[in-house]
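These notes concern the structure reproduced below.
What follows is calculated from the coordinates using simple rules that are stated; it is not laboratory data. Quick caveat: nothing in here was measured; it's all calculated off a predicted structure. Note: ideal-geometry Cβ built from the backbone for every residue, glycine included; neighbour counts use all protein chains shown.
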4 protein chains.
Amino acid sequence: MEQEKKAWEEKPKPLIKETTDAIVRITKTTICGTDLHIMKGDLPEVADGRIIGHEGVGIVEEVGSSVSGFNKGDHVIISCVTSCGKCEYCKKGMYSHCTDGGWILGYMIDGTQAEYVRIPHADNSLYHIPAGADEEALVMLSDILPTGFECGVLNGQVKPGDVIAIIGAGPVGMAALLTAQFFTPAEIIAIDTDDNRLAVAKTFGATHTINSSDGKAVEKVMEFTNNRGVDVAIEAVGLAVTFEMCEAIIGAGGHIANIGVHGKSVTLHLETLWSKNITITTRLVDTVTTPMLFKTVQSKKIEPRKLITHHFNLDQIIEAYDTFGNAAHEKALKVILENNTETRKRQ
Amino acid sequence: MEQEKKAWEEKPKPLIKETTDAIVRITKTTICGTDLHIMKGDLPEVADGRIIGHEGVGIVEEVGSSVSGFNKGDHVIISCVTSCGKCEYCKKGMYSHCTDGGWILGYMIDGTQAEYVRIPHADNSLYHIPAGADEEALVMLSDILPTGFECGVLNGQVKPGDVIAIIGAGPVGMAALLTAQFFTPAEIIAIDTDDNRLAVAKTFGATHTINSSDGKAVEKVMEFTNNRGVDVAIEAVGLAVTFEMCEAIIGAGGHIANIGVHGKSVTLHLETLWSKNITITTRLVDTVTTPMLFKTVQSKKIEPRKLITHHFNLDQIIEAYDTFGNAAHEKALKVILENNTETRKRQ
Amino acid sequence: MEQEKKAWEEKPKPLIKETTDAIVRITKTTICGTDLHIMKGDLPEVADGRIIGHEGVGIVEEVGSSVSGFNKGDHVIISCVTSCGKCEYCKKGMYSHCTDGGWILGYMIDGTQAEYVRIPHADNSLYHIPAGADEEALVMLSDILPTGFECGVLNGQVKPGDVIAIIGAGPVGMAALLTAQFFTPAEIIAIDTDDNRLAVAKTFGATHTINSSDGKAVEKVMEFTNNRGVDVAIEAVGLAVTFEMCEAIIGAGGHIANIGVHGKSVTLHLETLWSKNITITTRLVDTVTTPMLFKTVQSKKIEPRKLITHHFNLDQIIEAYDTFGNAAHEKALKVILENNTETRKRQ
Amino acid sequence: MEQEKKAWEEKPKPLIKETTDAIVRITKTTICGTDLHIMKGDLPEVADGRIIGHEGVGIVEEVGSSVSGFNKGDHVIISCVTSCGKCEYCKKGMYSHCTDGGWILGYMIDGTQAEYVRIPHADNSLYHIPAGADEEALVMLSDILPTGFECGVLNGQVKPGDVIAIIGAGPVGMAALLTAQFFTPAEIIAIDTDDNRLAVAKTFGATHTINSSDGKAVEKVMEFTNNRGVDVAIEAVGLAVTFEMCEAIIGAGGHIANIGVHGKSVTLHLETLWSKNITITTRLVDTVTTPMLFKTVQSKKIEPRKLITHHFNLDQIIEAYDTFGNAAHEKALKVILENNTETRKRQ
């Protein structure tokens, strides 16, 4: 049974392996939908006993000999993507495909749902938190905000005056919703099957919401846009049905920006789309916009704290997973796990 | 039987209908793969008796009262796309979606495979040919060169040093091949099932060719690129199998640019592509680059004449269709139909 | 004496000259800083007796035979730039350099500070106003909002998280200030010599203001940015001293976007700037973003009404000029001139 | 006297200082115009006894403990710009402004005109040379090709069909000339005061040449372009007169790309340029395109060897400087200095 795979265990404190590593004491971390997939066994490549989690803020405990940008005691944001800063992909800003990194944290190497974590290529994978910042809010910069922004908003090329649709009002859809407003679209249509999430989407800036449970979402979007379709459709679910909804509502010249993690192929209706001058993009978050997003947070242009709905202590992690795993019912977006203990814990 | 739909008939000379129209006496025209589709009945929306053809050069015979850029006697290139220059789409350079134009010539209105043709919105849909130009070569600017360039090369974002693959070495693939070289890719892999076309592709600038008949094209491309895949994959066929070949050979961060006219949906492998940071584009040619392409032809940076393999008189059009319809066997790319007669003819 | 050049006179109602013209009955117009320059004689190419004014909204009175997009009775925004939609520049979206248009209204041909105005190339130079819109606010779309947005914000490439400076808090600087917020810069520094205007700038979204009267503005900006300089400097005055201030405060990799109308050359400090990776842009507004801006106004993302400080009847135009000519003292930004009369008036 | 500053002296072999350093044994180096400026004392910040030179290829002799991409014995291209790969500027691809690098080689630290050189941040500042490559030609990738390409061609946004002018046919102008052809401009006008260089420019791809000695270059360019001006003007000299020539010949909507190192300010004619929609760029080469350029060299799209006119042994460096310092008379572009000795030499 998958559920039994989940455990909060004693583990030895991680050690510096490479001169470019840092050890960070986690102060706050969170759970991602991807963690649920790992728990369910959807990613069988994850080794047994792996500490998962790829988000968090903390305090640098120790740095390798060639780390130049961070020192013991520095408060840091941990990026979900590890970047060597040297390879061909890193040089192009495609950190997600770093040949000695990418998304490895809490996946191929031990992650952040623990008291300590080893961060490879620390100089390029950590970000400084200045004194006085709202550290809890900055946990949202580890993954969810850059994911919504890079894969959804930037790839979708949201422009002032656009009509955009966001399919999926879970945490990542909400991150796209918040960051899409950086570019002042005229209308933001949030589509989901959960009325509570749609209500929250409205408070986050959606101008219209559609509950797609009745199978009439496409019809409603086309009516709303006078049959022109939307300028940008952001897929934030990861299912064929939601991707194909994007295909059905996209207007001529529009952009479909996929964020969702897809386990299966989808049908691409080239028989209608071939002549519609559309662009479809996929992306594993590069976290290349973390510095930009940090500036928008510090200048209060966005309030990432809005995404946080629940708080737990790190040793209540099983309970936190239960809450997050039952997100719709619990009205959960992101849950914060706080490390308040002096004692080391293992997951 | 479809074949019998084809006829070369007497038709009345077209008349000015709108003040923005021009009547052009065709001097040279050609046949497009799309014309074959119409002949076969694949586009049932084409009215019976329609004169087809959307390419050609000619001499202005008469202009409507509000045409300001052209006069009787001017030599002109006819764009396959009609553009009003006023609507929202035209203002964005998306002439293909002009609300009073787009691709209508030889489709929704009578076209160029005739002695005379009525061109709506003449000021925005014709281009001047200066004295001394190679008019026959300029027939390639009506459709095929902008199609290969806009849908394939520009949408594919070909860059210096790139490794690109062009799937399909028919006329439009060849146009992409010729115009891709404007941006100096390092390697151009041409893929087709016809050895003769691949041999021609080599003379047109392909650095490598692959005959995909043996089902090993993907394997060969991956071997050639050390398993990285290509930077740009241009689909110039219009079949699911060739589009899916593009999906299989595209490298992380790459661009798939669809040119092909697809009659059926394809399978999009998001289960592997979701994290590959790729971009897929579709486009009906806008002919927005015709002025740019004209400059490259005039300065001899490209020789469109290379695409012309056969010549016929306009009244040999049935024979020309037979040749073009049997292109692989006839080693045909583009066939030129010349209007040498004084007598009016109808198709 | 220049002042005496100004007069409000009876003039014959303009007539359709070309089939592409429209005659518009002005309902609301305004005065631009450029009009003051014309009045002062700074633009000697302006013919004697010319009706000036290039902004306004109105109702279509009559259209030429080839105007297809507008009919008598339509409510319209008049663009300050006339665009034929056909020439090489219009096709590139550079309407300002239209070979049969550009900025001609109230300059080379009679303008909008009158009861009626003839608009050449009406289809491309007018924009529809839907029923129920705030027409007065839309006067700001004729010139000032696209000018601030295109020349300042778009050319300056304002990005989320940027630190930007706007030099000059007159109407056009304010338009840049309002539209810069479409892209969510972190900090907007407004610089002017007038404390009242700076106070207004704060209410319009400036996060910092600097009164440059003491000659210490550069020093203050550099201190504020920890000697890095700003990401974008927008010049909205038109003097050497303000342009050179932009050169002094621009950070490495930054953009200087000139909006100001300059009568004299400036000193470009290439001895320091050659290695700073900066970009300097100039632009005469193209009004190519009018449709985009219209959408942002309709969706209430921006309130152009904020720019309107005074109201006059059209026959109080002399008084209106006095107020606008004395803008700092009168705390004037834009003044609205309303045409309430049935009687024709001449300027 | 400046000349006496130049000396070829014994110096100790450099040592690894940081874990990210490499020591490279120079096999081939060259002289840059900037080296002449240093010799003349134009850059007084250069310390006495400094080994100059910032270009070259060589063989890795030793690497610091945290260098991961290079090993002893690797053949490498040395970039003129040192990049840490970690700082804010490096992450944006602006290596020239690296906070722990930038252009420091042969300027703030000892350079390449020696038998051995210490290269800081080796992983990001060296590039692998595969077996069989033309190493001499690759010396051109250290500085001159990326400089011409990035500062001139990319910043100038050269497009297919453009008319471009390159002012200055010295080595860097020639590098711009060669790399501009990656984007297939229609016409390339080379302007210089030396007929020999103009003759060479023709063989390198210039379609027109103008000797500007008679003061009529602007007139000739305007005549050639039917008074429209050029699309792109590339300044490759570094004088006010040549920059102002660019201002005089630039067409509406055009780009002026400065490459030249300017010691003095220039006059920017905003009184005419404010309304011409032009873009002016400056840039210190970032060498961010070195991997791209390397691919174009390896695929023989460009032959950098063309830029090499003279060869010397490294111990003939004084003679080499004399030749290069007298470039016009000696018909010199780039001179190669070969390190054939076993004995260590000092400069």
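How large is the dipole of region A:102-145 about the Cα centre if only Lys and Arg carry +1 and Asp and Glu carry -1, each at its Cβ, rounded to the nearest 20 debye?
Around 180 debye, computed over region A:102-145.
What's the Kirkwood radius of region A:57-149 in Å, using all Cα pairs?
Evaluated over region A:57-149, this radius sits at 13.6 Å.
Given Cα pairs under 8 Å that are at least 6 residues apart, what percent is the relative contact order of chain D?
Relative contact order here is 19 percent.
Just add up the charged neighbours of B:Thr30: K/R +1, D/E -1, any other residue whose Cβ is under 11 Å from the Cβ of B:Thr30.
-3
Projecting each Cα onto the charge dipole of region B:129-198 (Lys/Arg +1, Asp/Glu -1 at the beta carbon, about the Cα centre), which of B:Ala169, B:Ala133, B:Gln157 comes out farthest on the positive side?
The Cα lying farthest towards the positive end belongs to B:Gln157.
What is the antiparallel percent of DSSP beta bridges lying wholly in the protein assembly as shown, to the nearest 5?
45
Residue farthest toward the positive end of the dipole of region B:234-347, with Cβ of Lys/Arg at +1 and Asp/Glu at -1: which of B:Ile308, B:Ile256, B:Asn340?
It is B:Asn340, whose Cα lies furthest towards the positive end.
Across the residues of C:256-269, average count of Cβ atoms on other protein chains within 10 Å?
So the per-residue partner count for this stretch is 5.
So what is the diffusion coefficient of the protein assembly as shown in µm² per second by Stokes-Einstein at 37 °C and 0.692 mPa s, using a Kirkwood Rh over Cα pairs?
97
Across bins of 20 angstrom width beginning at 0, how are the C-alpha pair distances of chain D distributed, in whole percent?
With 20 Å bins starting at 0, P(r) equals 31, 57, 12, 0.
Please work out the FRET efficiency for the pair B:Asp48 and C:Lys17, using the Cβ-Cβ distance as r and a Förster radius of 51 Å; give the result to the nearest 0.05.
Working from the Cβ atoms, E equals 0.70.
Note down the nm distance, to one decimal, between modelled labels 7 Å out along Cα→Cβ at B:Asn326 and at D:Asn326.
Placing both labels 7 Å beyond Cα along the Cβ direction yields 7.4 nm.
Work out from phi, with θ = phi - 60° and the Karplus expression 6.51 cos²θ - 1.76 cosθ + 1.60, the ³J(HN,Hα) of each residue of region C:259-266, listed in order in whole Hz, and give x for Gly and Pro.
Result, ordered by residue: 10, x, 8, 9, x, 9, 6, 10 Hz.
Which residues' amide hydrogens lie under 5 Å from the amide hydrogen of C:Ser142, considering only partners 5 or more residues apart or on another chain, with H built in the peptide plane?
Correct list: C:Gly56.
Within the set of other residues whose C-beta is less than 15 Å from the C-beta of D:Val139, count the net charge using Lys and Arg as +1 and Asp and Glu as -1.
It works out to a net charge of -3.
Counting Lys and Arg as +1 and Asp and Glu as -1, each charge on the Cβ, what is the dipole of the protein assembly as shown about the Cα centre in debye, to the nearest 20?
The calculation lands at about 0 debye.
Could you work out the relative contact order of region B:220-288? I mean the mean sequence separation of Cα pairs under 8 Å and 6+ apart, divided by the number of residues, in percent.
Value for region B:220-288: 31 percent.
FRET efficiency for B:Glu88 and A:Ala240, Cβ-Cβ distance as r, R0 = 30 Å, nearest 0.05?
FRET efficiency, B:Glu88 to A:Ala240: 0.40.
What is the Cα centroid distance between region D:188-229 and region D:114-153, reported in whole angstrom?
One Cα centre to the other: 31 Å.
Residue-wise, which Karplus ³J(HN,Hα) couplings in Hz belong to region B:222-237, taking 6.51 cos²θ - 1.76 cosθ + 1.60, θ = phi - 60°, and x for glycine or proline?
Each residue's phi maps through the Karplus curve to give 5, 5, 4, 9, 6, 6, 8, x, 8, 6, 9, 10, 10, 8, 10, 10 Hz.
Taking R0 as 45 Å, what FRET efficiency do you get between B:Glu319 and D:Asn226 from their Cβ-Cβ distance, rounded to the nearest 0.05?
Calculated transfer efficiency: 0.50.
Inside 10 Å of the C-beta atoms of C:176-184, what's the mean count of C-beta atoms belonging to other chains?
Per-residue shielding by partner chains comes out at 3.
Please list, in chain and number order, the residues 5+ apart from B:Leu105 or on another chain whose amide H is under 5 Å from its amide H, with Hs placed from the backbone.
B:Thr82
Step through the table entries A:Lys86/D:Lys28; D:Lys28/D:Lys72; B:Lys86/C:Lys72; B:Lys202/D:Lys202, compare each Cα-Cα distance with 21 Å, and write down the pairs that go over it.
A:Lys86/D:Lys28; B:Lys202/D:Lys202
Put +1 on the Cβ of every Lys and Arg and -1 on every Asp and Glu Cβ in chain A; which of A:Thr30, A:Ile317, A:Gly73 then has its Cα farthest towards the positive end of the dipole?
Final value for the positive-end residue is A:Gly73.
Between D:Ala199 and D:His37, what length in nm is gained on full extension when 0.36 nm per residue of separation is reduced by their alpha carbon distance?
55.7 nm
Can you pull the percent of Cα pairs in region B:80-131 with separation above 17 Å?
Looking at region B:80-131, the distances longer than 17 Å represent 35 percent of pairs.
May I ask you to derive the relative contact order of region A:201-325, considering only C-alpha pairs under 8 Å and at least 6 residues apart, and to give it as an integer percent?
With pairs under 8 Å counted, the relative contact order is 16 percent.
Would you mind putting C:238-244, B:298-304 in packing order, based on average other-beta-carbon counts within 10 Å, highest first?
So the order, starting with the most tightly packed, is C:238-244, B:298-304.
Beyond a 28 Å Cα-Cα separation, which of these cross-linked pairs lie in this structure: B:Lys276/D:Lys91; C:Lys264/C:Lys306; B:Lys216/D:Lys91?
C:Lys264/C:Lys306; B:Lys216/D:Lys91
Mind putting a number on the dipole of region B:1-115 about its Cα centre? Charges go on the C-beta only, +1 for Lys and Arg and -1 for Asp and Glu, and I need it in Debye to the nearest 20.
In debye, rounded to 20, region B:1-115 gives about 300.
Taking θ = phi - 60°, what integer Hz values does the Karplus form 6.51 cos²θ - 1.76 cosθ + 1.60 yield along region D:128-133, in sequence order, with x for Gly and Pro?
For region D:128-133, the Karplus curve yields 5, 10, x, 4, x, 6 Hz.
Using amide H atoms built 1.01 Å from N in the peptide plane, name the residues 5+ places from B:Ile52, or on other chains, whose amide H lies under 5 Å from its own.
Sorted by chain and number, the residues that satisfy this are B:Gly111, B:Gln113.
Tell me the net charge near B:Val63. Cut-off is 12 Å between Cβ atoms, B:Val63 excluded, with +1 for each Lys or Arg and -1 for each Asp or Glu.
-4
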